[in-house]
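Below is one structure, written out as structure tokens, with a few remarks after it.
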Amino acid sequence: MHSVTRWNATRQRLYEAAVTLIAEQGFSATTVDEIAERAGVAKGTVYYNFTSKEGLLEALLLHGAEQLATSLRQAADGAKRRAGDAGDTGGAGGTLDAMLRAGLAFIDRCPAFAKLYVAEVWRTERPWQATLAAVRRRVVAVVEEELRAEAAPGGPDDRVDVPLTASALVGTVLVTALDWKVFQPERTVEEVHRALSALLDGRLTGAGGPA
């Protein structure tokens, strides 16, 4: 039991060290020695856990995506429970908003992962493009599920492209959060959430009624 806990703790340190260094310096400029030093482990530990630097990058992308997807699912489930307790059957609008805040909070905690993902998704020559596609799919699928739930029982409006809308929502959160962390870091999660929620709700154009 203790050995499993130590193994998980070691992998977590390696994830955090690698994602931070690669986001700062780029993949090619980051060495296994630097990752090991930042994580406080021997160089051989990196290869023991991941076989290569490429393997470590793929693993940390999947690890980060799973953490983000879990955060979104937990936010959705929590919003549904609260709505049920309040006797609210108004649909998934509140659920999507809760997921929006959860996504921003995740990036606030893990900005290096978001930076790494956005940077790597454009580099189509990378051997881990299939992994990036899987990472994207894990996160977008959670949002798609809630968009479809919002339209139940009649199904989505024919005018709504659910897969593309889900992708747009995920992309909006990622890019907005990165801009926030780089150019407006003094803002709080709550401030960014309010602004983005108003935008997605259509209130900037008046579609959502008075703010």
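The values are calculated or read from the model by the stated rules, or taken from the named source; none is laboratory data. As the structure is a computational prediction, the values presented were derived from the model and not from experiment. With ideal geometry, Cβ positions are generated from the backbone for all residues, glycine too; neighbour counts draw on all protein chains shown.
For region 118-136, give me each residue that is of a type outside the set (A, V, I, L, M, F, W, C), surrounded by 13 or more Cβ atoms within 10 Å (Cβ to Cβ) and farther than 12 Å from F27 by Cβ.
Restricting attention to region 118-136, the residues satisfying the condition of being of a type outside the set (A, V, I, L, M, F, W, C) are 120, 123-127, 129, 131, 136.
Keeping just the survivors that are surrounded by 13 or more Cβ atoms within 10 Å (Cβ to Cβ) gives 120, 126, 129, 131, 136.
The answer is Q129, T131, R136.
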- [ ] Six or more apart or on different chains, Cβ under 9 Å: which pairs go from a residue in region 69-93 that's assigned by TED's automatic domain parsing to the domain that holds E146 and closer than 19 Å to G103 by Cβ to one that's assigned to a helix (DSSP H, G or I) and at pLDDT below 70? Could you list them?
- [x] A92/A151
Open item on the list: So P185 passes all but one of these: (1) at pLDDT 90 or above; (2) surrounded by 14 or more Cβ atoms within 10 Å (Cβ to Cβ); (3) in a loop (DSSP other than H, G, I, E, B). Which condition number does it fail?
Closed with: (2)
Open item on the list: I need a count of the residues in region 141-164 that are at pLDDT below 90 and either among the polar types (S, T, N, Q) or farther than 22 Å from D77 by Cβ (or both).
Closed with: 7
TODO: Kindly list, by first and then second residue, each pair from a residue in region 25-37 that is over 13 Å from L56 (Cα atoms) and assigned to a loop (DSSP other than H, G, I, E, B) to a residue that is of a type in the set (A, V, I, L, M, F, W, C) and at pLDDT below 90, limited to pairs with Cβ atoms under 9 Å and residues at least 6 apart or on different chains.
DONE: G26/A119; A29/I22
